[in-house]
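The values are calculated or read from the model by the stated rules, or taken from the named source; none is laboratory data. Given the structure is predicted, the values throughout are model-derived calculations rather than measurements. As a convention, Cβ positions derive from the backbone with ideal geometry for all residues, glycine included, and neighbour counts pool all protein chains shown.
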Amino acid sequence: MRAVVFHQYGAPQEVMKLASGRDVPEPKRDEVLIKIESSSINAADMHMVRANYLIIRLVLGWFKPAQKNRTLGMDLAGTIQATGKDVEGFQVGDAVVADVRKSFGGAFGEYAVVRASHLVKKPDGVSFGQAATVPISGQAAMMGVLLCEIKPGDRILVNGASGGVGSFGVKLAKALGAHVTAMCSAEKADVVKSWGADEVVDYKTTSAQELQANSYDAVFDTACFESPSRFEGVLKDNGRYVLVGGSFYRMLRLKAFGRWYGRGAQQFKTLTQEVEVTANIERVLEMIARGQIEPAIQRSVSLAEVPSAIESLERRTVVGKIVVNNQK
Ligand SMILES: NC(=O)c1ccc[n+]([C@@H]2O[C@H](COP(=O)([O-])OP(=O)(O)OC[C@H]3O[C@@H](n4cnc5c(N)ncnc54)[C@H](OP(=O)(O)O)[C@@H]3O)[C@@H](O)[C@H]2O)c1
């Protein structure tokens, strides 16, 4: 089979290559073999190939990724080809969707083995490309939106609105009846508006502190590179701030000291991983199947184009998601 592999850390186009002639993996007793139709590019791929957080070196290997020719790609959609003998509820031919972060990737190839407990069935009417955007970006956005406790008419501020997670954040919040203010760069404002955002604010010219005080019920922040407390003034007294992404260290700090942030009854929270991941994937897939939201796919690329697509994400020229289509 073919797969995109890397054996050292660095610039994606320098260290990643499409290799052929690799063995198709065999499923263990609790796993299934999936023929991958689509995957998507995520911020995690960009961080892992560069190893730009020390924790990545601790997990993948200090000087180079420990497993030779490692394959990235954190989410996938495809069809089951074989099942391990303990697998229940799934059979050969089922169209499925999976988050493969626990195996640190494996989706940028033609086949992957995945534990059955990480699988969700793909509803009819959702394409493989659409489905592949859901396990990481859609799922994280759903978890964030649930923590924002959105009610119809609430005013929500989405920071990092033009990204993979932010695009789902905008669309989910609108589907729940919120008024959405989106923060992103000016060049991406028109596209973000076309996703339904009611207002778009350019974070390069308007800081969070300059927005109207006490006016937001929730802040959904996928681009937390400065202190979350800068949103304290714009949140209502009982508002919720939810850190979905940005600086990993800010996320750790908020997880540890969240209860000391905010004033009055404000709550400052961050995503709780491992909770309801598959349930959230199902929720988002159902909303797509019912036509309530549509993933914001900027373009689709082939396996060979994965390294350049990851570099586009690094250069911040992506609006929404890039999908990898194995039929290309
Ligand atoms: N916890 C989870 O389960 C989970 C899951 C998925 C992602 N994440 C995290 O969520 C974050 C976003 O992921 P993504 O896939 O949406 O990434 P992405 O597609 O690259 O989007 C990043 C967004 O952040 C904005 N941004 C980047 N740098 C910024 C800065 N210095 N100041 C203000 N805004 C900035 C970008 O705005 P412009 O491009 O418009 O400038 C863009 O809207 C990442 O940190 C990722 O690791 C977490």
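For region 65-81, a residue qualifies if it is among the hydroxyl-bearing types (S, T, Y) and either within 13 Å of D45 (Cβ to Cβ) or buried (at least 22 other Cβ atoms within 10 Å of the Cβ) (or both), and exactly one does: T71.
Tell me, please, whether a residue that is free of Cβ contacts under 8 Å to residues at least 60 places away in the same chain and farther than 26 Å from V87 by Cα can be found in region 20-33. Yes - at least one qualifying residue is present in region 20-33. The strands (runs of 3 or more DSSP E) falling completely within region 230-308 that include 2 or more residues that are within 15 Å of the ligand (Cβ to nearest atom) and over 22 Å from G153 (Cβ atoms) map to 297-301. Looking only at region 61-95, residues that are within 15 Å of V15 (Cα to Cα), among the basic types (K, R) and part of a loop (DSSP other than H, G, I, E, B) come to 2 in all. Quick check on region 31-60: of everything there that is farther than 23 Å from A131 by Cα and not in a helix (DSSP H, G or I), which residue is farthest from the ligand (Cβ to nearest atom)? My answer is A51. Candidates in region 5-58 are the residues that are in contact with a strand residue (DSSP E or B) (Cβ under 8 Å, 6 or more places away or on another chain) and β-branched (V, I, T); of these, the one that is nearest to A309 (Cα to Cα) is I41. What do you reckon, is E88 modelled with pLDDT of 95 or more, farther than 27 Å from V165 by Cα and either in contact with a Phe, Trp or Tyr (Cβ under 6 Å, 6 or more places away or on another chain) or among the charged types (D, E, K, R) (or both)? Here the answer is yes, as E88 does meet what is asked. The single condition among (1) at pLDDT below 95; (2) over 21 Å from the mean Cα position of the chain (by Cα); (3) surrounded by 15 or more Cβ atoms within 10 Å (Cβ to Cβ) that T278 does not satisfy is (2). For region 174-197, filtered to residues that are more than 8 Å from the ligand (Cβ to nearest atom) and in contact with a helix residue (DSSP H, G or I) (Cβ under 6 Å, 6 or more places away or on another chain), the residue that is nearest to S40 (Cα to Cα) is W195.
Here A223 does not qualify as more than 14 Å from the ligand (Cβ to nearest atom), within 26 Å of R259 (Cβ to Cβ) and either assigned by TED's automatic domain parsing to the domain that holds I150 or at pLDDT 95 or above (or both).
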